[in-house]
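Student: Quick one: the structure is below, questions incoming.
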Amino acid sequence: VRIVRVALDHHGLTEAVELVSTVPFDEKGRASLLAMNPLGKIPALRLDDGEVLFDSSVIVSYIDDIGHGSGLFDSDDLSPYYLRTLYAMTNGMLDAAVASVMEVMQRPEEERSPKWLARWEENILASVEMMAAHLDRVKGTGLIPEIAFVVALDYLQFRLGHIDWQSRHPALADWVKEELEQDIYRATDPRLA
Ligand SMILES: N[C@@H](CCC(=O)N[C@@H](CS)C(=O)NCC(=O)O)C(=O)O
């Protein structure tokens with residue numbers, strides 16, 4: 001959701017969208033979401049003609065197509081497949097992070113799987129390593145991997161604070177800290193939701 005909100009802001013479209021908050025994990029939230037998205041997940045975007053778009057990567061592509069700002073996937077130097085791979089990697093990292101958070105928040109301790117939690121943590125750390133390795137090509141571009149890296153790494157800081165990626169990748173940590181000073185990241189801080 002936060003990546004979508006940053007993309008909307010980038011294209012000056014924030015006011016064009018009504019933001020409806022919901023909790024996918026309570027019954028009411030789940031029922032309303034299932035009516036839009038059979039996966040019961042946020043984000044989902046209902047268009048004026050009733051068509052519903054999900055998941056976040058489809059919504060971001062749509063916003064990028066209709067928006068008037070610079071293209072989030074358009075670069076003279078970096079190939080669209082490279083950008084999309086970094087973006088997909090970051091979304092995959094977020095899937096592993098969300099799964100880990102759910103495992104701990106939604107399951108009683110005796111039902112949790114230490115094996116899967118360890119596996120997801122390994123995937124998360126490997127993804128952060130890839131972000132660190134590609135940071136120099138991505139930072140300052142205003143392209144989709146840059147937004148996705150910031151949002152995903154702040155999600156880790158917020159929800160999985162025990163994973164200490166910062167001391168392994170101090171330059172990445174400093175960069176994220178600076179990026180998070182921007183108004184749009186302050187306005188969409190999940191800690192304030
Ligand atoms: N790949 C999806 C992931 C979305 C996702 O995992 N959403 C979570 C919240 S962060 C959710 O709604 N989960 C509800 C559920 O799994 O029942 C996307 O990028 O839109």
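Computed from the coordinates by the stated procedures, all read-outs in this text should not be read as laboratory data. Predicted model only: the values in this text are computed from it and were never measured. Don't worry about glycine lacking a Cβ; one is built from the backbone with ideal geometry, like all the others, and counts go over all protein chains shown.
Student: If you line up the Cα atoms of the stretch 1-60 on their principal axes, what length do they span on each, largest first, in Å?
Tutor: Answer, in whole Å and largest first: 33, 23, 19 Å.
Student: If you don't mind, another one. For Ser167 and Ser61, what is the calculated FRET efficiency with R₀ set at 35 Å and r taken between the beta-carbons, to the nearest 0.05?
Tutor: Calculated value: 0.50.
Student: Per-residue HN-Hα couplings for the stretch 108-119, Karplus 6.51 cos²θ - 1.76 cosθ + 1.60 at θ = phi - 60°, whole Hz, x for Gly and Pro?
Tutor: x, 3, 6, 9, 6, 10, x, 5, 6, 4, 5, 5
Student: What does the convex hull of the alpha-carbon atoms of the stretch 143-193 project to on average, in nm²? List each step's numbers first, then the result.
Tutor: Details: hull surface 14.5 nm².
If you wrap the Cα atoms of the stretch 143-193 in a convex hull and average its projections, you get 3.6 nm².
Student: Next up: Using a Gaussian network model of the chain whose springs link C-alpha atoms within less than 10 Å, name the residue from Gly161, Gly50, Gly140 with the highest mean-square fluctuation.
Tutor: Ranking Gly161, Gly50, Gly140 by mean-square fluctuation puts Gly50 first.
Student: Take the alpha carbon atoms of the stretch 22-74, find their center, do the same for the stretch 114-193, and report the distance between the two centers in whole angstrom.
Tutor: That distance is 22 Å.
Student: In µm²/s, what is D for the stretch 1-158 at 37 °C and 0.692 mPa s, where D = kT/(6 pi eta Rh) by Stokes-Einstein and Rh is the Kirkwood radius from Cα pairs?
Tutor: Translational diffusion coefficient: 193 µm²/s.
Student: Straight-line reach only, C-alpha to C-alpha below 20 angstrom: list the aspartates and glutamates that Lys28 could link to, leaving out same-chain residues fewer than 8 apart.
Tutor: Within the straight-line cut-off, Lys28 pairs with Glu18.
Student: Follow-up question, since we're still on this one. For the stretch 180-193, just list the computed ³J(HN,Hα) in residue order, Karplus coefficients 6.51, -1.76 and 1.60, θ = phi - 60°, integers in Hz, with x standing in for Gly and Pro.
Tutor: Here the 3J(HN,Hα) series is 5, 6, 5, 3, 5, 6, 5, 5, 10, 4, x, 5, 9, 6 Hz.
Student: Let me ask another. Can you tell me the dipole magnitude for the stretch 40-94 around its Cα centre, using point charges on the Cβ only (Lys, Arg +1; Asp, Glu -1), in Debye to the nearest 20?
Tutor: Dipole about the Cα centre, nearest 20: 320 debye.
Student: Ok, one more. Compute, for the chain, the length of the dipole vector about the Cα centre, with Cβ point charges of +1 (Lys, Arg) and -1 (Asp, Glu) only. Units Debye, rounded to 20.
Tutor: Values: 18 positive and 32 negative charges, 111 e Å.
Dipole magnitude for the chain comes out near 540 debye.
Student: Which of these, Met130, Met105, Met36, has the largest mean-square fluctuation under a Gaussian network model of the chain (Cα springs below 10 Å)?
Tutor: Met105
Student: Order of His169, His162 from fewest to most other C-beta atoms within 10 Å?
Tutor: On the way: His169 19, His162 7.
Final ranking by Cβ density, sparse to dense: His162, His169.
Student: Among all the aspartates and glutamates, which ones have a C-alpha under 18 Å from Lys177's C-alpha, if same-chain residues fewer than 8 places away are not counted?
Tutor: Glu129, Asp136, Glu146, Asp154, Asp164, Asp189
Student: Here's a follow-up. So, with +1 on the Cβ of K and R and -1 on the Cβ of D and E, and no other charges, what is the size of the charge dipole of the stretch 1-52 about its Cα centre, to the nearest 20 debye?
Tutor: Here the size comes out at about 280 debye.
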